[in-house]
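The values are calculated or read from the model by the stated rules, or taken from the named source; none is laboratory data. A quick note: this is a predicted structure, and the numbers were derived from the prediction, not measured. Cβ: placed from backbone, ideal geometry, glycine included. Neighbour counts: every protein chain shown. The accessibility values were calculated without ligands, DNA or RNA, using every heavy atom of the protein model including side chains. Shrake-Rupley method; radii C 1.70, N 1.55, O 1.52, S 1.80 Å.
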Amino acid sequence: MALWRGTSPLVLASQSSARKMLLANAGLAFEAVTADIDERGIQAASNLSNPREIGLLLAREKAKAVSVHHPGSYVIGADQTLALGERLFNKPAGRAQALEQLRDLAGNSHELNSAVAMARDGKIVFEDVSVARMTMRKMTDAELSAYLDATGDAVTTSVGAYQLEGLGVHLFERIEGDHFTILGLPLLPLLAFLRRERLVAV
């Protein structure tokens with residue numbers, strides 16, 4: 001049963017399989033559209049250094065960019081940043097960079113900041129940032145190489161070179177934070193907003 005009650009279709013400004021799965025499992029009918037923005041260029045021009053602020057900025061820009069092409073629709077933008085102390089990680093460019101990131105993360109705790117923003121007609125009507133703290137176990141280069149062999153090119157699609165919903169779960173010894181935040185969409189705050197606006201049936 002589709003629970004969406006908006007007069008226009010709900011739009012997700014992302015092709016992330018995890019985000020699409022979360023919305024679909026929550027009973028929300030939606031259209032997924034790629035947000036064509038220069039993420040690194042926007043980040044550099046902003047002069048922001050706080051990972052939460054960067055994630056929220058990019059979520060807003062994705063939502064607004066898609067929103068202008070879907071008049072009247074509510075558009076969800078989302079972004080996730082990974083911070084190890086003051087160091088900010090981006091998606092690895094290839095296997096070598098993925099190995100380098102995993103070496104740095106192994107044996108340490110890092111923060112995943114998941115931001116969501118909703119736009120309508122080019123204006124932001126809702127935003128939120130949720131945080132998860134992830135502790136990766138200590139691993140040898142041989143173990144990391146075995147993980148990279150098993151995951152293949154998938155490691156380049158996620159910041160930190162892991163997907164917790166897949167083989168990445170083997171890398172961790174402790175996780176603090178909700179499942180939705182880790183997968184890249186703060187679903188509970190988003191659903192609370194939709195209920196307040198009477199955009200969902202439950």
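The candidates ASP121, ASP153, ASP79, arranged from most to least accessible area with a 1.4 Å probe in the full protein assembly, appear as ASP153, ASP121, ASP79. Counting trypsin sites (Lys or Arg not before Pro) as exposed when in a DSSP loop with at most 16 other beta carbons within 10 Å, what is the longest stretch of the chain free of them? After excluding every exposed loop site, the longest remaining stretch is 6-136. Rounded to the nearest 20 debye, the dipole magnitude of the chain is 580 debye, with +1 charges on Lys and Arg beta carbons, -1 on Asp and Glu beta carbons, and the Cα centre as origin. Here is how the number arises for the chain: DSSP H runs of 4 or more residues each give -39500 (n - 2.57), the sum is divided by the residue count, and the result at 222 nm is -10500 deg cm²/dmol.
Computed as a quarter of the hull surface, the mean projected area of the alpha carbon convex hull for the range 79-195 stands at 7.9 nm². Length, then width, then depth: along the principal axes, the Cα atoms of the range 1-61 run 44, 19, 18 Å. Per residue, the accessible area of the chain comes to 48 Å², computed with a 1.4 Å probe over protein heavy atoms only. In whole Å, how far is the Cα centre of the range 113-167 from that of the range 62-83? Going from one Cα centre to the other spans 19 Å. The phi-based Karplus calculation (6.51 cos²θ - 1.76 cosθ + 1.60; θ = phi - 60°) puts the 3J(HN,Hα) values of the range 167-172 at 5, x, 4, 5, 7, 10 Hz, whole numbers, x for Gly and Pro. Eigenvalues of the alpha-carbon gyration tensor of the range 1-130, scaled by 5 and square-rooted, set the equivalent ellipsoid semi-axes at 29, 17, 13 angstrom, largest first.
Positive contributions from Lys and Arg (+1) and negative ones from Asp and Glu (-1), summed over other residues with Cβ under 10 Å from the Cβ of LEU12, come out at +2.
Of all DSSP beta bridges confined to the range 1-90, the antiparallel ones make up roughly 40%. For the range 71-198, the carbon plus sulfur part of the accessible surface works out to 47%, probe radius 1.4 Å. Ranking HIS110, HIS179, HIS69 by solvent-accessible area of protein heavy atoms (1.4 Å probe, all protein chains present), from largest to smallest, gives HIS69, HIS179, HIS110.
Where both residues lie in the chain, what percent of DSSP beta bridges are antiparallel, nearest 5? Of all bridge pairs located within the chain, approximately 85 percent are antiparallel.
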